[in-house]
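Undergrad: My questions will all concern the structure given below.
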Amino acid sequence: MNLNPNKSIFRKILISSIVTVLLGLCAVGLVISFFAKSYIVDSRSDEMIRQAKRVNLAVQDYPIPNEGFKDLLLFFDQAYDKRIWIFDAEGNIIVTSSKDEVNAGKSVSDKVVNQVIHGDPAIWNQTEGIEEAMLSVAVPWGKDNQVYGGIVLHSPLKGMDETTAQLRETIVWVTLFGVFFSFAVSSYLSWSITRPIKQIDKAAAKIAIGDYSDRIHIKSKDEVGELATTINHMMDQLERVDQDKNKLNQMRHDFLANVSHELRTPLTAMLGFLEALQDGLIEEGARDKYYEIMYNETLHMNRLVDDITDLMKLENKEIHLVFMTVDVQAILSKLAFKFRQEADGRGTVISCVIDEDSPPQAYADPDRLEQILNNLIKNAVKFTENGTIELKAMAVPTEECVLITVTDTGIGISPEDQGLIWERFFKAERGRPFKHKGSSGLGLAIVRELVELHNGSVRVQSEIGQGSTFEVRIPLVKST
Ligand SMILES: Nc1ncnc2c1ncn2[C@@H]1O[C@H](COP(=O)(O)OP(=O)(O)OP(=O)(O)O)[C@@H](O)[C@H]1O
Ligand SMILES: [Mg+2]
């Protein structure tokens, strides 16, 4: 993917800002050049009217011009750099400031005379008798309500064209500066936008190849920052899903490896025996023993498959318990009877502590509770030699449960293994002199799942060489 956001975004921002600057300045330039002349004429004529009024203030006390009057006009001509005429009520120019002698005796237009006689100032652009374009204003000459005539002030217009030319030049410079400024601002903006986008692009490219470890480090709180946060969140999720998937795959792999390992041992033994029998290598008298071993291996395999099926169903929540009131002591007695012979064979005594007055009643599925206790007692028998096994059940009203304990004086479990024995296929081998035949490490995993399904709990207390006590807590039937 050849994404180069830098160039296209930079180009877009640059073009749009330059176009904005140029359009803005063109509009301003047009407006200014359009209105500047009239603005300058207006403000200049306003100023000239004020000056003319000041001239009037100086000469209003001389209704008939004399020499002093002429001196005054000369003074104002020089002070304001404006040519001055005085005309009478008929519009005849009677006095001019000295530089404009030629116009004496001429007259101003009737329109101007009319306006001035009525007390209003007049403004016009062309003055008769003067070649150069001039701006002229006229104000009444007189005092209070008495008007003797008018005072005219002239000023050449040429200065104004220069001013507008200057204005245009300024606009050109401002435009150049605007273009340069747009370039700088566009560069900064495109850099600040494209830098995080590049980071996001890099992270997205990694996601595409299944690498979710990268994180985008953008602190801004704008839309790009929000996008980065969302992508980071997405990567968290993907990473978690990926880890879960790997874990699940690993678990599936371990499970299959364990199952095939557990099945291979008895199968290999049986295959060997069957081949020996087939080849007639075994004497008539010894055959029964071989058949018995093969029968036991078949039983073991059968149990293994049953256990695996149970465990799968438990983990997939496919087992539904049928809850009822269960006499726990009856189950314990039944199991004690079932295992007595096997225990005897190992020199172990199984005893059952019976409370006949108030036998504890558990709220449980009887078949599954029997399966839990069967697995625990089977372990106790298997891992105890020449010892004792004590089975006990009692109601614990404060905890609203029946506490069932299976205590043996067997080989015990090391503290490190006590947390692991509940994992499927785990067999404690630390400090064990030999491997127990027929152990597949599924019994306690099933116990844990079943107890949890009963909303109960199970734990172990054990010391190596001293024995173990398994405590199961199952909800008590509430007395009504
Ligand atoms: N009462 C006990 N005394 C000593 N060790 C025990 C006892 N109960 C369980 N263990 C240890 O915990 C391990 C796991 O027990 P679990 O019942 O799950 O498997 P198993 O008895 O080996 O095989 P299975 O129950 O599937 O036939 C055993 O292999 C054993 O090492
Ligand atoms: Mg077991």
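Undergrad: Looking at the range 366-383, can you tell me whether even one residue there is of a type outside the set (Ser, Thr, Tyr), over 15 Å from ARG448 (Cα atoms) and away from ligand 1 (no atom under 12 Å from the Cβ)?
TA: yes
Undergrad: Name the residue, out of LYS247, LYS289, that is within 36 Å of the chain's Cα centre (by Cα) and in a helix (DSSP H, G or I).
TA: The match here is LYS247.
Undergrad: Under 9 Å between Cβ atoms, which residue pairs at least 6 apart in sequence (or on different chains) link something in the range 281-305 that is over 13 Å from THR265 (Cβ atoms) with a partner that is surrounded by 13 or more Cβ atoms within 10 Å (Cβ to Cβ) and of a type in the set (S, T, N, Q)?
TA: Listed by first residue and then by second, the contacts come to ARG303/SER440.
Undergrad: Just one of the numbered conditions (1) over 51 Å from the mean Cα position of the chain (by Cα); (2) at pLDDT 95 or above; (3) of a type in the set (A, V, I, L, M, F, W, C) is not true of ILE411; which one?
TA: (2)
Undergrad: Ok, one more. Pull up the range 218-231, narrow it to residues that are surrounded by fewer than 17 Cβ atoms within 10 Å (Cβ to Cβ) and assigned to a helix (DSSP H, G or I), then point me to the one that is farthest from the chain's Cα centre (by Cα).
TA: Residue satisfying both the conditions and the ranking: GLU223.
Undergrad: While we're on this one: So in the range 179-217, with the set limited to residues that are β-branched (Val, Ile, Thr) and closer than 25 Å to ARG240 by Cα, which one is surrounded by the most Cβ atoms within 10 Å (Cβ to Cβ)?
TA: Ranking the candidates gives ILE216 first.
Undergrad: Oh, and also: Mind checking which residues of the range 405-432 are small (Gly, Ala, Ser) and either in contact with a Lys or Arg (Cβ under 8 Å, 6 or more places away or on another chain) or near ligand 1 (Cβ under 9 Å from one of its atoms) (or both)?
TA: GLY410, GLY412, SER414, ALA428
Undergrad: Which of the residues belonging to the range 316-337 are touching a Phe, Trp or Tyr at 6+ places or on another chain (Cβ under 8 Å) and outside any loop (DSSP other than H, G, I, E, B)?
TA: MET324, THR325, VAL326
Undergrad: Scan the range 354-384 residue by residue and report those that are within 13 Å of ligand 2 (Cβ to nearest atom), over 52 Å from the mean Cα position of the chain (by Cα) and of a type in the set (A, V, I, L, M, F, W, C).
TA: ILE377, ALA380, VAL381, PHE383
Undergrad: Name the one entry in GLU449, GLU400, GLU429, GLU385 that is of a type outside the set (Val, Ile, Thr), under 25 Å from ILE308 (Cα atoms) and modelled with pLDDT of 90 or more.
TA: GLU449
Undergrad: Pairs, please: C-beta under 6 Å, at least 6 apart or cross-chain, first residue on the phi > 0 side of the Ramachandran plot and in the range 438-458, second within 12 Å of ligand 2 (Cβ to nearest atom) and among the hydrophobic types (A, V, I, L, M, F, W, C)?
TA: GLY441/PHE425; GLY441/PHE426
Undergrad: Among (1) buried (at least 18 other Cβ atoms within 10 Å of the Cβ); (2) of a type outside the set (Val, Ile, Thr); (3) part of a loop (DSSP other than H, G, I, E, B), which single condition is PHE87 missing?
TA: Every listed condition holds for PHE87 apart from (3).
Undergrad: Can you tell me which of (1) more than 16 Å from ligand 1 (Cβ to nearest atom); (2) touching a Phe, Trp or Tyr at 6+ places or on another chain (Cβ under 6 Å) is the one VAL402 doesn't meet?
TA: VAL402 satisfies all of (1) more than 16 Å from ligand 1 (Cβ to nearest atom); (2) touching a Phe, Trp or Tyr at 6+ places or on another chain (Cβ under 6 Å) except (2).
The values are calculated or read from the model by the stated rules, or taken from the named source; none is laboratory data. Worth saying up front: this structure is predicted, and the values here are computed from it rather than measured. Don't worry about glycine lacking a Cβ; one is built from the backbone with ideal geometry, like all the others, and counts go over all protein chains shown.
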